[in-house]
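K.L.:
The structure that follows is given in the form of structure tokens.
The values are calculated or read from the model by the stated rules, or taken from the named source; none is laboratory data. Since the structure is predicted, the reported quantities are computational estimates derived from the model, not experimental observations. All Cβ positions, even for glycine, are placed from backbone atoms using ideal geometry, and neighbour counts span all protein chains on display.
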Amino acid sequence: MSKIIVRGGRKLSGRIRVSGAKNAVLPIIAASILGEEGESVIHEAPPLDDVLVINKVLQSLGIGIEYQGETIRVKAQHIGTCEPAYDLVRKMRASFLVMGPLLARLGQARISLPGGCAIGTRPIDQHLKGFEAMGADIELGQGYIEAKVRGTRLHGAKIYLDVASVGATENIMMAATLAEGTTIIENAAKEPEIVDLANYLNAMGAMVRGAGTGIIRIEGVDKLRGAVHTVIPDRIEAGTYMIAAAITGGDLYIEGAIGDHLAPVISKLQEMGVTVEEDENGLHVRVERPLRSVDVKTLPYPGFPTDMQSQMMALMMVADGTGIVTETIFENRFMHVEEFIQMNGQIKVEGRSAVVSGNTALKGAKVCASDLRAGAALVLAALAAEGDTEITGVHHIDRGYVDLAARLRAVGADISRVEPEEDEEEAADLPLFSIQPSWA
Ligand SMILES: CC(=O)N[C@H]1[C@@H](OP(=O)(O)OP(=O)(O)OC[C@H]2O[C@@H](n3ccc(=O)[nH]c3=O)[C@H](O)[C@@H]2O)O[C@H](CO)[C@@H](O)[C@@H]1O
Ligand SMILES: C=C(OP(=O)(O)O)C(=O)O
């Protein structure tokens, strides 16, 4: 099994360039299914395992897709089936984002249930409620969701989301682009990734207004065509590197980070005493004084992101004082706490809150990443710990960080990645090969 090994105690300094956002590129690749004419060219597509999986999902639908460098080209004139490969959908939850585009293009889709994961049960009821309101019949059975449009085409509808779900907003928005009439999504998610998706859809010829606010209005059009789009920088990757600077008492320039997208993270870091300066190309993060702990509550955007909760907790362990972390988005997103405790972390979980004691002398240990951000947080804690930390479960980290170990090493971390012997490889660690153009 792959491992990351960190010897803590080095201050980081230098520049790190942020990649394109995982959570923006995944729905955008799903949306490329909507392009009945021409080709989509998606720039700044980060080479992550999740991106390779969604590319393979499209390939399993018979769609032409090519991934070279950090550019993806999609030709979706022909779609061979409305049922993406089961094993790919099970592998990655975001695969369910092809449901909206398939319903819009083909009038039907059959997709295996995406299932829960380590951080919570993650239902999809709001996605399905939206499709039903737009005229789809939904049947659940044998682990599959089968949706069929009544009549020839989805129709516009007014849909109030009970929770401001990112995925449901995206799926419904994509389906609505080709529906007859107007769709209004109320209590829509406002994340920057929603705005990026709307910009791509509009470049394809869609009419989406209000993305980034709680009310999104989509006028259906008859046809969409491929478009050229550059994905926004990854705010969670940027935030993770900001904390890498802070936790090592270092000095990093995070190139490409957009301050606006990171407002709650910047605000909390400044409250702790971290110096954060923004210019037109990125964020400069450094530590000039002792850090003090803060309280953090995760909320939908523009609140503090749940995807930064575990990394923030790592920093709170070494700051002065006690802080409370409250997780309101996912019911089971404290799996990193047990691993932090292995590293001498002093944390008590009480329901949805964790009381984090500061001034902890973190110690290297053998720990395991239970999910993507838990893994990133363990790497951060290890950078500040005395001695060696060995982190397993690295395939989770590969879902969302491009060359995490190499990038941290380049700015001074003592970090290495150890790959398994061939006969020791696990299914989860198997490489996903680059996608070749299926029209070549
Ligand atoms: C690929 C991607 O973009 N993933 C992000 C996306 O996940 P994802 O889109 O899955 O997250 P959602 O915003 O949908 O989930 C937020 C909350 O709503 C609940 N819910 C969601 C849908 C639904 O139909 N019913 C329901 O009850 C979920 O269980 C959760 O408690 O947003 C999350 C919240 O910012 C982030 O942590 C993920 O990194
Ligand atoms: C939870 C995350 O992603 P996903 O929704 O793809 O599981 C994440 O990016 O932290």
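Quick grid of which residues meet (1) of a type outside the set (D, E, K, R); (2) closer than 29 Å to Val394 by Cβ; (3) more than 16 Å from ligand 1 (Cβ to nearest atom):
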position	(1), (2), (3)
Val296	yes, yes, no
Asp307	no, yes, no
Met312	yes, yes, no
Leu315	yes, yes, yes
Phe330	yes, yes, no
Met335	yes, yes, no
Glu338	no, yes, yes
Gly345	yes, yes, yes
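K.L.:
May I pose another question? Go through segment 176-216 and give me each residue that's among the hydroxyl-bearing types (Ser, Thr, Tyr), buried (at least 20 other Cβ atoms within 10 Å of the Cβ) and away from ligand 1 (no atom under 16 Å from the Cβ).
P.N.:
Of everything in segment 176-216, those that are among the hydroxyl-bearing types (Ser, Thr, Tyr), buried (at least 20 other Cβ atoms within 10 Å of the Cβ) and away from ligand 1 (no atom under 16 Å from the Cβ) turn out to be Thr177, Thr183.
K.L.:
With respect to Gly62, determine if the residue is more than 19 Å from Glu170 (Cβ to Cβ) and either touching a strand residue (DSSP E or B) at 6+ places or on another chain (Cβ under 7 Å) or surrounded by fewer than 23 Cβ atoms within 10 Å (Cβ to Cβ) (or both).
P.N.:
yes
K.L.:
A follow-up question, please. Do we have Glu271 as surrounded by fewer than 21 Cβ atoms within 10 Å (Cβ to Cβ) and out of contact with any helix residue (DSSP H, G or I) (no Cβ under 7 Å at 6 or more places or on another chain) here?
P.N.:
Taking the combined requirement at face value, the residue satisfies it.
K.L.:
Can you tell which of Gly393, Gly412, Gly387 is surrounded by 21 or more Cβ atoms within 10 Å (Cβ to Cβ), of a type outside the set (A, V, I, L, M, F, W, C) and at pLDDT 95 or above?
P.N.:
None of the others qualify; the one that does is Gly393.
K.L.:
Still on this structure, please answer the following. Identify all residues within segment 99-119 that are more than 16 Å from ligand 1 (Cβ to nearest atom) and either in contact (Cβ under 8 Å) with a residue 40 or more places away in the chain or on the phi > 0 side of the Ramachandran plot (or both); write none if there are none.
P.N.:
Residues satisfying the conditions are Leu102, Ala104, Arg105, Gly107, Gln108.
K.L.:
Would you kindly identify the helices (runs of 4 or more DSSP H) lying entirely within segment 184-292 that contain at least 2 residues that are hydroxyl-bearing (Ser, Thr, Tyr)?
P.N.:
Ranges flagged: 235-247.
K.L.:
Could you check Leu283 against (1) crowded, with 22+ Cβ neighbours inside 10 Å; (2) over 19 Å from the mean Cα position of the chain (by Cα); (3) farther than 21 Å from Val195 by Cβ and say which number it fails?
P.N.:
With respect to (1) crowded, with 22+ Cβ neighbours inside 10 Å; (2) over 19 Å from the mean Cα position of the chain (by Cα); (3) farther than 21 Å from Val195 by Cβ, Leu283 is out only on (3).
K.L.:
Right, next: Looking at segment 1-72, what strands (runs of 3 or more DSSP E) fall wholly within it and have at least 1 residues that are at positive phi and at pLDDT below 95?
P.N.:
Those strands (runs of 3 or more DSSP E) do not exist here; none qualify.
K.L.:
May I ask you to list the residues in segment 86-98 that are closer than 22 Å to Gly400 by Cβ and either free of Cβ contacts under 8 Å to residues at least 40 places away in the same chain or in a helix (DSSP H, G or I) (or both)?
P.N.:
If the condition is that a residue be closer than 22 Å to Gly400 by Cβ and either free of Cβ contacts under 8 Å to residues at least 40 places away in the same chain or in a helix (DSSP H, G or I) (or both), then Asp87, Leu88, Val89, Arg90, Lys91, Arg93, Ala94, Ser95, Phe96, Leu97, Val98 are the ones that fit.
K.L.:
Just for segment 300-322: of the residues that are over 17 Å from the mean Cα position of the chain (by Cα) and in contact (Cβ under 8 Å) with a residue 40 or more places away in the chain, which one is nearest to Gly120 (Cα to Cα)?
P.N.:
Checked segment 300-322; the qualifying residue nearest to Gly120 (Cα to Cα) is Met313.
K.L.:
Pick from Ala406, Ala365, Ala384: which is within 15 Å of Met242 (Cα to Cα), more than 16 Å from ligand 2 (Cβ to nearest atom) and more than 16 Å from the chain's Cα centre (by Cα)?
P.N.:
Matching residue, one of Ala406, Ala365, Ala384: Ala384.
Listed here are the residues, each with its yes/no results for (1) within 16 Å of ligand 2 (Cβ to nearest atom); (2) of a type outside the set (Ser, Thr, Tyr); (3) closer than 22 Å to Tyr241 by Cβ.
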| residue | (1), (2), (3) |
| --- | --- |
| Val274 | no, yes, yes |
| Glu280 | no, yes, yes |
| Leu283 | no, yes, yes |
| Arg286 | no, yes, yes |
| Met308 | yes, yes, yes |
| Met317 | no, yes, yes |
| Val325 | yes, yes, yes |
| Val337 | no, yes, no |
| Gly345 | no, yes, yes |
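K.L.:
Could I ask something else about it? Which one of these is surrounded by fewer than 17 Cβ atoms within 10 Å (Cβ to Cβ), of a type in the set (D, E, K, R) and within 16 Å of ligand 1 (Cβ to nearest atom): Arg122, Arg93?
P.N.:
Exactly one residue qualifies, and that residue is Arg122.
K.L.:
Name the single residue that is farthest from Asp307 (Cα to Cα) among those in segment 133-182 being part of a helix (DSSP H, G or I) and within 16 Å of ligand 2 (Cβ to nearest atom).
P.N.:
Asn171
K.L.:
Among the residues of segment 325-343, write down those that are farther than 20 Å from Ala164 by Cβ and in contact with a helix residue (DSSP H, G or I) (Cβ under 9 Å, 6 or more places away or on another chain).
P.N.:
Of everything in segment 325-343, those that are farther than 20 Å from Ala164 by Cβ and in contact with a helix residue (DSSP H, G or I) (Cβ under 9 Å, 6 or more places away or on another chain) turn out to be Val325, Phe334, Met335, His336, Val337, Glu339, Phe340, Met343.
K.L.:
Select, from Asp307, Asp295, the only residue that is at pLDDT 95 or above and closer than 20 Å to Ser357 by Cβ.
P.N.:
Asp295
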